[in-house]
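Take a look at the structure set out below.
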């Protein structure tokens, strides 16, 4: 286990990965009930009886989404790092190949300047 991880880290991650999607599903169900009630009322079915479910669903969806994001954040970060590392390596190699001649010219000029300074 990494020194950065608390001993409870795997347990918390498991709770976030299971609880987050479950809370998201609950929020989606409540949002569906609230929207269905609203649109049925617009179609002449009387006042919306369960519109409050849609309002309650919004913070529940937020909490479920945040929990799910935190539960999978490490896996996503590792995936992104693995995707970007070869590109960064290629970019560095390309920069090195493209600047070798310029570095040589600068080094020769510096060496020449030092030699000229010693002569005078």
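Has region 9-18 got any residue that is over 16 Å from residue 74 (Cβ atoms) and more than 20 Å from the chain's Cα centre (by Cα)? No; the residues of region 9-18 include none that is over 16 Å from residue 74 (Cβ atoms) and more than 20 Å from the chain's Cα centre (by Cα). The residues of region 45-69 include none that are at pLDDT below 95 and within 13 Å of residue 15 (Cα to Cα). Given the condition within 30 Å of residue 20 (Cβ to Cβ), part of a helix (DSSP H, G or I) and more than 12 Å from the chain's Cα centre (by Cα), answer yes or no: does some residue in region 100-109 qualify? No: region 100-109 contains no residue that is within 30 Å of residue 20 (Cβ to Cβ), part of a helix (DSSP H, G or I) and more than 12 Å from the chain's Cα centre (by Cα).
Considering region 44-71, the residues that are in contact (Cβ under 8 Å) with a residue 40 or more places away in the chain and either exposed (fewer than 15 other Cβ atoms within 10 Å of the Cβ) or touching a strand residue (DSSP E or B) at 6+ places or on another chain (Cβ under 7 Å) (or both) include one that is farthest from residue 4 (Cα to Cα), namely 66.
Mind listing whichever residues of region 75-99 are under 30 Å from residue 17 (Cβ atoms) and loosely packed, with under 10 Cβ neighbours inside 10 Å? Selection gives 82, 83, 86, 87.
In the set (1) at pLDDT 90 or above; (2) under 22 Å from the mean Cα position of the chain (by Cα), residue 114 fails one condition alone, (2).
The values are calculated or read from the model by the stated rules, or taken from the named source; none is laboratory data. Just so you know, these numbers come straight off a predicted model, no measurement behind them. Backbone-built Cβ (ideal geometry, glycine too); neighbour counts: all protein chains shown.
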